[in-house]
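Asker: Next up is a structure, given as structure tokens.
Computed from the coordinates by the stated procedures, all read-outs in this text should not be read as laboratory data. Bear in mind the structure is a predicted one, so any value in this text is a computation, not a measurement. We place every Cβ from the backbone using ideal geometry, glycine too, and count neighbours over all the protein chains shown.
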């Protein structure tokens, strides 16, 4: 493992250890697998069920299947429509529809991507907020065994509030396992703003992807 990867792993361990010190903070996991299938040179369909648990209280939270259609315009731009059916135990289910525009560009050994998302809630059973979101990420691609990344996710809430609602501070990595399998790991330090007190949640995201 090269020196840059070692530094990244040490940084991730440091951030993780710092997060676990906050006894008053929640720690949740988002565990998923995704299956993608290229329909043609431009279109790809993806199915991705996600299971969420609160590890601080050892409780199951909810489940949501994601289903998406991706369109690759060229090597720089792609677009996506994503639906999420959020199934909540003992509570009203939730439904979302997202529209993404993503720009990606390589700079030497690094890839910089920006995703612009319109986050819409379909208020069938409960009223949810609508957001404009921006996800800038940078990933180091030189090493083929592990690709570290860092990024941010900004949530700007609409619905008359018109303010920054939260930011996710992201560290993670993509680890190719086999020809068609990739393990994706991320840690989110999710901070909610514009409240009487700033609220923070630690989220650990693990996804195993498979390409048909």
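Asker: As a footprinting exposure proxy, order 29, 57, 44 by other Cβ within 10 Å, with the fewest listed first.
Answerer: Fewest-to-most Cβ neighbours within 10 Å comes out as 57, 29, 44.
Asker: Take the eigenvalues of the Cα gyration tensor for the stretch 69-165, scale each by 5, and report the square roots as semi-axes in whole Å, largest first.
Answerer: Its equivalent ellipsoid spans semi-axes of 30, 15, 14 Å.
Asker: Moving to a separate point now. Starting from the 7 Å offset along Cα-to-Cβ, what nm value, one decimal, do you get for the label separation of residue 141 and residue 129?
Answerer: Computed distance between label sites residue 141 and residue 129 equals 3.4 nm.
Asker: Using 7 Å Cα-to-Cβ label points, what is the residue 154/residue 58 separation (nm, one decimal)?
Answerer: Those two pseudo-labels are separated by 4.2 nm.
Asker: Using the count of nearby Cβ atoms within 10 Å as a rough guide to exposure, how do 155, 116 rank from fewest to most?
Answerer: Going from sparsest to densest Cβ surroundings: 116, 155.
Asker: Another question, if that's okay. Would you compute the Debye intensity of the chain from its alpha-carbon atoms alone, equal scatterers and no solvent, and pass along log10 I(q)/I(0) at q = 0.07, 0.11, 0.12, 0.16 Å⁻¹ to two decimals?
Answerer: Rounded to two decimals, the profile gives -0.23, -0.59, -0.71, -1.38.
Asker: Still on this structure: I'd like the antiparallel share, as a percent to the nearest 5, of DSSP beta bridges with both residues in the chain.
Answerer: Of those bridges, close to 90 percent are antiparallel.
Asker: Tell me the mean residue ellipticity at 222 nm calculated for the chain from its helices only (DSSP H runs of n ≥ 4, each -39500 (n - 2.57), averaged over every residue, nearest 500).
Answerer: Calculated from helices alone, the mean residue ellipticity at 222 nm is -3000 deg cm²/dmol.
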